[in-house]
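The next block holds one structure in the form of structure tokens; read it before the comments.
The values are calculated or read from the model by the stated rules, or taken from the named source; none is laboratory data. Just so it is clear, the model here is predicted, and its values are computed rather than measured. When we count neighbours, we look across all protein chains shown, and the Cβ atoms used for this are built from the backbone with ideal geometry, even at glycine. Surface accessibility is based on the protein's heavy atoms, side chains included, excluding ligands, DNA and RNA. Shrake-Rupley method; radii C 1.70, N 1.55, O 1.52, S 1.80 Å.
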Number of protein chains: 4
Amino acid sequence: MRGPNRRIMSAPLVIVNAKTYESSQGDGAVTLARIMDDLDSRGARLVLAVSAFDLSAVSAAVENIEVWTQHLDPIGFGSNTGRLHPNTAVERGAQGTLINHAENKVDISHVGELLPMVEGKLEVCACAADLQEAEALAALSPMYIAIEPPELIGGVISVTTADPAIVSDTVGLVKSVNPAVRVLCGAGVNTGEDVATALKLGADGVLLASAVTKASDPAAVLANLLSQL
Amino acid sequence: MRGPNRRIMSAPLVIVNAKTYESSQGDGAVTLARIMDDLDSRGARLVLAVSAFDLSAVSAAVENIEVWTQHLDPIGFGSNTGRLHPNTAVERGAQGTLINHAENKVDISHVGELLPMVEGKLEVCACAADLQEAEALAALSPMYIAIEPPELIGGVISVTTADPAIVSDTVGLVKSVNPAVRVLCGAGVNTGEDVATALKLGADGVLLASAVTKASDPAAVLANLLSQL
Amino acid sequence: MRGPNRRIMSAPLVIVNAKTYESSQGDGAVTLARIMDDLDSRGARLVLAVSAFDLSAVSAAVENIEVWTQHLDPIGFGSNTGRLHPNTAVERGAQGTLINHAENKVDISHVGELLPMVEGKLEVCACAADLQEAEALAALSPMYIAIEPPELIGGVISVTTADPAIVSDTVGLVKSVNPAVRVLCGAGVNTGEDVATALKLGADGVLLASAVTKASDPAAVLANLLSQL
Amino acid sequence: MRGPNRRIMSAPLVIVNAKTYESSQGDGAVTLARIMDDLDSRGARLVLAVSAFDLSAVSAAVENIEVWTQHLDPIGFGSNTGRLHPNTAVERGAQGTLINHAENKVDISHVGELLPMVEGKLEVCACAADLQEAEALAALSPMYIAIEPPELIGGVISVTTADPAIVSDTVGLVKSVNPAVRVLCGAGVNTGEDVATALKLGADGVLLASAVTKASDPAAVLANLLSQL
């Protein structure tokens with residue numbers, strides 16, 4: 001079984017966010033997880049972030065990749081109907097979580113309270129929709145911040161074809177607030193060359209979604225993404 | 001396997017809301033589900049409403065009871081990171097859901113949009129924290145509304161010792177808006193006599209939480225609750 | 001001074017929602033209010049629903065029309081930083097309020113708690129983005145519900161050119177839940193003929209916004225809207 | 001008239017948050033504002049943060065103090081029914097705003113988007129319910145952060161009787177993230193000695209509420225608070 005001790009923290013991190021795409025929920029989540037599990041990760045840590053409903057089944061289906069959840073609530077045990085408790089996530093196989101995704105924004109104290117609750121149990125990637133959010137989140141010291149350089153959103157321009165300063169400046173801004181925070185590039189990454197460029201410019205990994213989940217051949221897309229590591 | 005066709009809809013409904021109590025999440029949820037599964041339900045439909053993380057494992061562990069989720073989002077497939085999609089719940093074994101619990105309030109259109117999305121796939125129990133909420137929810141025609149008669153909240157008075165009009169008037173109010181809605185008594189129920197009284201006064205079942213989840217012997221508490229059916 | 005006793009409740013109600021349009025906030029709100037104040041209302045009750053910031057100044061500037069607020073919170077006096085207290089609105093001249101506008105959705109109990117708090121002090125128009133919301137809101141018995149018949153949203157079709165059943169069925173649905181609720185037509189109304197048609201088909205008035213607030217000559221648009229009363 | 005140019009930025013800032021206390025809303029807000037306006041501020045900048053409904057009337061009633069609003073929404077002009085637009089606040093006399101008060105929490109991007117929108121027009125005091133929130137907010141560079149040192153909440157211990165490190169460490173933590181941010185002490189301040197101690201330990205001012213708004217003699221309480229400047 002994989003676990004925190006098996007992880008080489010300096011390895012590049014490649015997170016696939018399954019969101020609630022039809023192709024990557026329910027049985028589709030298990031299928032995608034198995035595809036990822038069978039890949040040669042070429043030294044990268046592969047993560048699939050799944051629906052809370054799918055966490056248990058997906059965790060049981062894989063050996064080599066990590067399974068994360070897409071959201072958690074910083075609650076204690078008790079009267080919290082419908083909330084997502086961190087310990088239950090751990091018990092069902094989660095090794096990390098996304099938080100504050102642009103599709104699921106939370107207030108500052110939500111992140112601030114969650115981090116100490118999950119320390120040593122779950123890794124956290126806080127998502128930032130813009131540079132200001134990234135700065136604020138960096139002050140809270142999550143392990144990872146996924147940031148979308150504004151110029152790269154929409155996918156027309158990739159990190160490889162963009163002005164290198166766009167990515168390195170973004171990484172630099174976050175590191176200037178908190179050098180310990182690792183930065184994931186959350187936009188402009190579609191190919192192995194893009195992953196390699198993002199790492200070269202200072203990112204510690206990438207956060208992907210539809211490029212993988214909506215691909216007709218996810219294995220091929222993922223193999224390409226990992227090809228230049 | 002249990003399923004909608006196995007349900008006798010006129011049977012009293014007994015829902016245990018696991019919330020995020022330590023004793024009824026993770027392995028504890030499975031243990032509680034098995035205790036419920038082994039009970040003589042005496043003709044009642046037994047439901048355990050669990051954390052989204054536990055749904056899959058709990059569903060796989062039981063044969064006789066229904067497993068519900070505690071919350072759903074009325075979303076389509078797509079970019080909804082961290083949201084709880086109804087179809088994923090169905091695929092992971094849910095047969096129903098709570099919605100609008102006092103600990104997880106939603107706006108009106110959340111309930112209004114969810115109901116047609118899950119019709120024929122999931123039963124819905126909309127929770128009402130007071131009589132006004134119950135009236136508004138009744139207009140949306142969920143199968144069940146769980147209502148807490150204000151005089152019974154806090155648990156000092158049970159439905160058995162209370163003025164019978166408190167319960168029958170509450171049921172009557174909801175039925176006056178929509179006679180097809182079934183009403184669950186969500187307060188003042190701790191014993192089998194209370195369940196029997198609630199049904200006699202017009203309720204179609206009960207919604208329970210800590211009385212079961214925090215009991216040192218949940219099997220005994222549940223057996224007592226079902227004893228007078 | 002105008003006041004509840006001056007209002008003829010059976011008069012058609014014409015509410016202009018100033019929203020936060022540049023043209024209808026700050027001094028613009030006062031200017032628009034004065035234009036409305038100087039109109040021959042032809043027996044209609046004219047309402048301008050303004051920003052909380054503008055309520056006091058607009059109320060002081062008019063004699064004949066009513067000034068409403070666009071949102072209120074069902075809070076008591078005390079520690080509610082940044083919330084909008086009903087009594088403060090009354091003290092600053094409000095005679096009514098919108099609530100649950102599609103741009104400012106609230107949960108059911110928000111409306112349910114607000115109505116008794118403001119009874120006899122403020123009229124309430126609860127907004128419904130669709131028919132289901134209208135049904136649920138009707139059960140709470142606000143004085144008015146503003147409903148947008150789905151076929152009329154977008155403004156291409158007006159109530160006058162539409163199948164009359166679209167409007168009368170919408171009105172009928174709300175009245176079937178609660179006959180005492182008055183219905184405002186919130187879409188498909190741009191001209192005096194549209195207002196007349198809406199009233200003929202069972203509406204008690206109209207809720208307008210950009211047709212007035214973005215008009216180059218609001219006085220002319222309003223005069224036309226009132227022309228067939 | 002007072003204005004940004006009249007302010008001596010290095011002067012201590014004393015903000016009274018009127019919240020929605022009965023005594024400090026409506027006419028009560030004007031009365032309290034006049035009391036503050038007539039005080040010898042002893043070089044401090046006095047601010048009364050009022051309900052949106054009261055902003056216009058309170059601003060018109062004072063000459064020497066600043067009037068702030070308690071909340072703003074980072075919206076543009078347009079379809080934002082019930083929201084609080086910064087420009088309307090400015091037009092109605094606001095010189096600043098609170099944001100992210102514990103009673104009115106917002107997500108990170110709410111603060112992040114508001115700050116550039118109001119730059120040069122309104123001062124912003126972002127409130128932090130704990131040290132983590134303060135760190136995150138500091139990264140967004142508001143002019144002021146009001147922080148409640150956890151040990152001082154509840155009011156039993158004042159900044160004067162507390163271990164001085166509690167206050168100076170809190171101030172130091174915020175300044176370590178962003179030295180340009182000024183820190184207001186939001187707890188443990190009831191007397192002039194407390195204000196003096198807070199300033200001595202590195203705070204640039206204080207944020208008060210019930211100590212003033214619920215006082216039987218607010219003028220005396222305020223005079224005492226300002227007495228050691």
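If you go through the stretch C:41-94 and pick out every residue that is in a loop (DSSP other than H, G, I, E, B), touching a Lys or Arg at 6+ places or on another chain (Cβ under 8 Å) and over 25 Å from C:Gly28 (Cβ atoms), you end up with 5.
Scanning the stretch C:118-128 for residues that are of a type outside the set (Val, Ile, Thr) and over 14 Å from the mean Cα position of the chain (by Cα) gives C:Glu119, C:Gly120, C:Lys121. Only one entry of A:Thr31, A:Thr88, A:Thr81 meets the criterion of being of a type in the set (Ser, Thr, Tyr) and either under 17 Å from the mean Cα position of the chain (by Cα) or closer than 26 Å to D:Val106 by Cα (or both), and that entry is A:Thr81.
Of all residues in the stretch B:101-117, those that are surrounded by 23 or more Cβ atoms within 10 Å (Cβ to Cβ) and in contact with a helix residue (DSSP H, G or I) (Cβ under 6 Å, 6 or more places away or on another chain) total 2. Filtered by the rule that a residue be modelled with pLDDT under 95 and either touching a helix residue (DSSP H, G or I) at 6+ places or on another chain (Cβ under 9 Å) or not hydroxyl-bearing (Ser, Thr, Tyr) (or both), the stretch B:10-24 gives a lone residue, B:Ala11. Close contacts from the stretch B:100-117, counting a first residue that is touching a residue at least 60 places away in the same chain (Cβ under 8 Å) and a second that is open to solvent by 20 Å² or more (accessible area, probe 1.4 Å) and among the aliphatic types (A, V, I, L, M), with Cβ to Cβ under 9 Å and a gap of 6+ residues or different chains, come to B:His101/B:Ala129.
Residues of the stretch B:212-229 that are free of Cβ contacts under 8 Å to residues at least 40 places away in the same chain and under 24 Å from B:Glu123 (Cα atoms): none at all. When D:Arg92, D:Arg83 are checked against the criterion of being crowded, with 18+ Cβ neighbours inside 10 Å, free of Cβ contacts under 8 Å to residues at least 24 places away in the same chain, within 13 Å of chain C (Cβ to nearest Cβ) and under 29 Å from C:Pro86 (Cβ atoms), D:Arg83 stands alone in meeting it. Look at (1) within 18 Å of the chain's Cα centre (by Cα); (2) without any contact (Cβ under 8 Å) to a residue 12 or more places away in the chain and you find that D:Lys200 fails only one, number (1). Looking at (1) on the phi > 0 side of the Ramachandran plot; (2) touching a Pro at 6+ places or on another chain (Cβ under 7 Å); (3) among the small types (Gly, Ala, Ser), which one does C:Ala126 not meet, given that it meets all the others? Only one criterion in (1) on the phi > 0 side of the Ramachandran plot; (2) touching a Pro at 6+ places or on another chain (Cβ under 7 Å); (3) among the small types (Gly, Ala, Ser) is unmet by C:Ala126, namely (1). Criterion applied to B:Ala49, B:Ala60 was being at pLDDT 95 or above and within 16 Å of the chain's Cα centre (by Cα), and the one residue passing it is B:Ala49. Among the residues making up the stretch D:174-202, those that are of a type in the set (Gly, Ala, Ser) and farther than 13 Å from D:Ile15 by Cα are D:Ser176, D:Ala180, D:Gly188, D:Gly192, D:Ala196, D:Ala198, D:Gly202.
Quick one: is A:Arg83 of a type outside the set (A, V, I, L, M), more than 30 Å from D:Gly112 (Cα to Cα) and either in contact with an Asp or Glu (Cβ under 9 Å, 6 or more places away or on another chain) or at pLDDT below 95 (or both)? So A:Arg83 does not fit the description; no.
For D:Val124, the requirement of being more than 9 Å from chain C (Cβ to nearest Cβ), open to solvent by less than 10 Å² (accessible area, probe 1.4 Å) and within 30 Å of A:Ala128 (Cα to Cα) is met.
If you scan the stretch C:103-121, which residues turn out to be facing another protein chain (nearest Cβ under 8 Å) and part of a loop (DSSP other than H, G, I, E, B)? C:Glu103, C:Asn104, C:Lys105, C:Val106 - these are the residues of the stretch C:103-121 that are facing another protein chain (nearest Cβ under 8 Å) and part of a loop (DSSP other than H, G, I, E, B). Those helices (runs of 4 or more DSSP H) of the stretch C:133-226 in which at least 2 residues are open to solvent by less than 30 Å² (accessible area, probe 1.4 Å) and within 22 Å of B:Leu115 (Cβ to Cβ), considering only elements entirely within it, cover C:164-177. Among the residues of the stretch A:150-163, some residue qualifies, meaning at least one is more than 23 Å from A:Ser210 (Cα to Cα) and free of Cβ contacts under 8 Å to residues at least 40 places away in the same chain. On the stretch given as the stretch C:46-73, residues that are within 9 Å of chain D (Cβ to nearest Cβ) and among the aromatic types (Phe, Trp, Tyr) total 1.
Every listed requirement among (1) closer than 25 Å to A:Gly186 by Cα; (2) open to solvent by less than 10 Å² (accessible area, probe 1.4 Å) is met by A:Asn64 save one, (2).
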